[in-house]
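Take a look at the structure below.
The values are calculated or read from the model by the stated rules, or taken from the named source; none is laboratory data. All values derive from a computational prediction rather than experimental measurement. Neighbour counts run over all protein chains shown; Cβ positions are idealised from the backbone, glycine included.
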Amino acid sequence: GIQVEQSPPDLILQEGANSTLRCNFSDSVNNLQWFHQNPWGQLINLFYIPSGTKQNGRLSATTVATERYSLLYISSSQTTDSGVYFCAVELGDFGNEKLTFGTGTRLTIIP
Amino acid sequence: KAGVTQTPRYLIKTRGQQVTLSCSPISGHRSVSWYQQTPGQGLQFLFEYFSETQRNKGNFPGRFSGRQFSNSRSEMNVSTLELGDSALYLCATSEGYRLIRELFFGEGSRLTVL
């Protein structure tokens, strides 16, 4: 099956710093989403971005589908940004309609 | 509009019992899929339902089952619970089940098996 790798696994930053999280995937995908898992376990949608670039406030994401990677940028980090960030991809072929998740990046923002 | 609603949020069971979890999708969403999250295995796909039919299934034993009702609400059931079934169970919904689609998750049901 498709492999999804995220790096770095852990990241500790001072409040106000910028960060870049990476997601590599091993096959062509139809869909790619970034999620932030809050302390209560809910996966919060950040971006639906199978290709291109999107921005939402301090967060932005870029997916280069031809090179099979996606990047999530967080600028001016706040303590509320702490948590685990997952990327998840979905193949387009019949019978493979499911999200495959990476192992996540645990981000800790220190005040 | 209201988000994805999962009930119950927390529950404790003992080995051998069975459990039923419920997921109510966002209005207009007809696809419901279920995922299990554990510290050791991460997030893994269980199954997906669309128009009351199971469309896809992950690699879980037959003790894990589900169904979808005509109003798109879905339930999953785990019978003969084992300690290893302790996990966060998340459901995700989308308008369709193939091709271009965005999935939205509920808050999850945290199951502890003693």
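Structure above, values below:
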{"read-out": "Whichever residue in the stretch A:56-106 is of a type in the set (A, V, I, L, M) and in a loop (DSSP other than H, G, I, E, B) and, among such residues, is surrounded by the most Cβ atoms within 10 Å (Cβ to Cβ)", "value": "A:L99"}
{"read-out": "Search result, residues across the stretch B:81-113 that are within 10 Å of another protein chain (Cβ to nearest Cβ) and acidic (D, E)", "value": "B:E102, B:E107"}
{"read-out": "Residue among B:G42, B:G62, B:G3, B:G84 that alone is at positive phi and over 13 Å from the mean Cα position of the chain (by Cα)", "value": "B:G42"}
{"read-out": "Residue that is farthest from the other protein chains (Cβ to nearest Cβ), among those in the stretch B:26-55 that are more than 24 Å from B:D85 (Cβ to Cβ) and not small (G, A, S)", "value": "B:E52"}
{"read-out": "Which numbered condition B:L114 fails, given (1) touching a Pro at 6+ places or on another chain (Cβ under 9 Å); (2) farther than 18 Å from A:E90 by Cα; (3) surrounded by fewer than 22 Cβ atoms within 10 Å (Cβ to Cβ)", "value": "(1)"}
{"read-out": "Any pair with Cβ under 8 angstrom, 6 or more apart, that starts in the stretch A:70-88 at a residue that is closer than 14 Å to A:T103 by Cβ and ends at one that is outside any strand (DSSP E or B) and modelled with pLDDT of 95 or more", "value": "A:V84/A:G104; A:Y85/A:G104; A:F86/A:G102; A:F86/A:G104; A:C87/A:G102; A:A88/A:G102"}
